[in-house]
1. Which residue is nearest to Ser43 (Cα to Cα), if the candidates are limited to the stretch 279-326 and must be touching a Phe, Trp or Tyr at 6+ places or on another chain (Cβ under 9 Å) and β-branched (Val, Ile, Thr)?
2. Return a yes/no flag: does the stretch 155-173 have any residue that is of a type in the set (S, T, N, Q), surrounded by 15 or more Cβ atoms within 10 Å (Cβ to Cβ), over 60 Å from the mean Cα position of the chain (by Cα) and at pLDDT below 75.
3. Report the residue count in the stretch 349-362 for those that are over 48 Å from the mean Cα position of the chain (by Cα) and surrounded by 14 or more Cβ atoms within 10 Å (Cβ to Cβ).
4. Assess whether Thr410 counts as being among the polar types (S, T, N, Q), in contact (Cβ under 8 Å) with a residue 40 or more places away in the chain and surrounded by fewer than 15 Cβ atoms within 10 Å (Cβ to Cβ).
5. With respect to Ala338, is the statement that it is of a type outside the set (Asp, Glu), under 19 Å from Pro400 (Cα atoms) and touching a His at 6+ places or on another chain (Cβ under 8 Å) true?
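The values are calculated or read from the model by the stated rules, or taken from the named source; none is laboratory data. A quick note: this is a predicted structure, and the numbers were derived from the prediction, not measured. Here the Cβ positions follow ideal geometry from the backbone for every residue, glycine too, while neighbour counts run over all protein chains shown.
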Amino acid sequence: MNALTRLMTSGGAARVRVLAGAGVLALVLGTAGAYFYFSGRVSTDDAQVDAHIAPVAAKVGGNIAEILVADNQVVKAGQVLLRIDPRDYKAHLDQVCAQLAAAESQARGADAGVPLTSATTASVTTAASAQLAAAAADHERAVADFERASSSELALAKADVEARRATADRARADLERMAPLAEKNEISKQQFDAYVAAERVALSELTASEQKLANAGKHAESSRAQVQASQARVEAARAALAQATANRRQVDISHAQAGTASAAIEQARAAVTAAQLQVEYTTISAPIDGIVTKKTIQLGQIVQPGQSLLTIVPLSDVWVTANFKETQLADVRPSQRAEIRVDAYGRSFDGHVDSIAGATGAKLSLLPPENATGNFVKIVQRIPVKVALDHAPEGYTFRPGMNVDVTIFTK
């Protein structure tokens with residue numbers, strides 16, 4: 001009996017030692033396996049499906065005349081969602097189109113006036129120049145005639161009068177001296193008659209010379225009047241030429257008016273383009289493929305420019321934004337394999353790291369924390385990581401905001 005007990009006791013101790021060794025080995029292997037399993041990956045449950053959600057807003061104001069979609073309806077890019085009453089904008093478009101037509105008509109008139117004004121101004125300038133040249137030539141001739149009449153002819157006439165007067169005086173004196181001698185018969189009657197005839201001839205020649213002097217004076221006065229008249233014509237021609245030269249500015253004015261008319265056309269065309277855009281903006285279409293969400297409008301409602309009408313949520317172009325602790329990102333790199341487990345479906349999908357944000361989520365928040373004053377408590381920050389799906393999941397819909405778990409394989 002004692003021998004049997006000792007045998008059983010020794011056998012149990014051996015089994016205990018074997019079991020203990022196996023347990024230690026299993027613990028070591030499990031610890032090593034867990035280390036190798038978890039050391040090559042990082043995980044987080046702070047992750048959600050994300051997408052470029054497109055808010056649809058009104059570009060023009062007015063009454064909503066037609067709504068063509070309902071909440072949660074699937075739409076395609078370019079599909080008409082709603083229409084704003086376009087009548088006011090079409091009336092404005094007609095108005096600016098009429099203004100454009102008027103501006104084009106004015107421009108045609110201004111363009112047509114430029115060559116006419118240029119030709120007329122050139123013709124008037126040429127004629128004025130010719131008139132000035134002719135007037136100047138006439139004035140020169142009048143001045144020369146006046147100088148000749150006042151200097152040469154008049155001086156000669158005066159000298160001739162003086163000479164004739166001296167001759168007449170001498171003839172009269174001779175006659176007066178000979179008259180007593182004739183009465184005493186100291187000279188013959190024939191000699192006395194010769195003295196009488198000489199006096200008459202001298203007086204006649206004096207009268208003729210005085211008439212020539214008077215005529216020379218009249219000619220000088222006439223020449224002076226012609227000089228004054230020709231000078232007046234020269235001044236008038238100069239004034240006409242100056243006016244014609246000044247009229248050249250009208251050509252510049254015509255060019256400026258044509259340029260202004262062209263600018264008015266461009267302005268009117270811009271107004272037409274803006275009015276056409278406003279008419280187009282009354283029809284609102286989907287910017288992307290997706291589902292209509294957050295529709296806040298009703299038929300007949302008056303909306304304002306910039307007012308949010310609804311939101312388009314895409315379901316094809318989606319990704320995952322995973323917020324990892326900063327201590328987890330030491331080995332995370334773009335293109336690393338990732339596993340995405342969606343809570344809604346209870347299964348995993350393949351993906352990869354697309355990019356890592358440049359700052360922490362807290363730094364990018366609306367009111368980032370300020371740690372410069374007060375007590376500071378160090379908190380592990382989280383950095384957003386964009387994880388893209390490798391393939392579009394068939395039969396599954398990833399909706400923005402859905403919770404997921406993300407594991408990134410760093411080795």
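1. Per the criteria, the residue is Val320.
2. Narrowing the stretch 155-173 to residues of a type in the set (S, T, N, Q): 167.
Within this subset, residues satisfying the condition of being surrounded by 15 or more Cβ atoms within 10 Å (Cβ to Cβ) are 167.
Narrowing further to those that are over 60 Å from the mean Cα position of the chain (by Cα): 167.
With the extra rule that they be at pLDDT below 75, the set shrinks to none.
Looking through the stretch 155-173, none of the residues is of a type in the set (S, T, N, Q), surrounded by 15 or more Cβ atoms within 10 Å (Cβ to Cβ), over 60 Å from the mean Cα position of the chain (by Cα) and at pLDDT below 75.
3. As a first pass, look at the stretch 349-362 and keep what is over 48 Å from the mean Cα position of the chain (by Cα): 349-352.
After this cut, where a residue has to be surrounded by 14 or more Cβ atoms within 10 Å (Cβ to Cβ) as well, the list is 349, 351-352.
Summing the residues that are over 48 Å from the mean Cα position of the chain (by Cα) and surrounded by 14 or more Cβ atoms within 10 Å (Cβ to Cβ) in the stretch 349-362 gives 3.
4. Values: among the polar types (S, T, N, Q): yes; in contact (Cβ under 8 Å) with a residue 40 or more places away in the chain: yes; surrounded by fewer than 15 Cβ atoms within 10 Å (Cβ to Cβ): no.
No: the conditions fail for Thr410.
5. Yes, satisfied.
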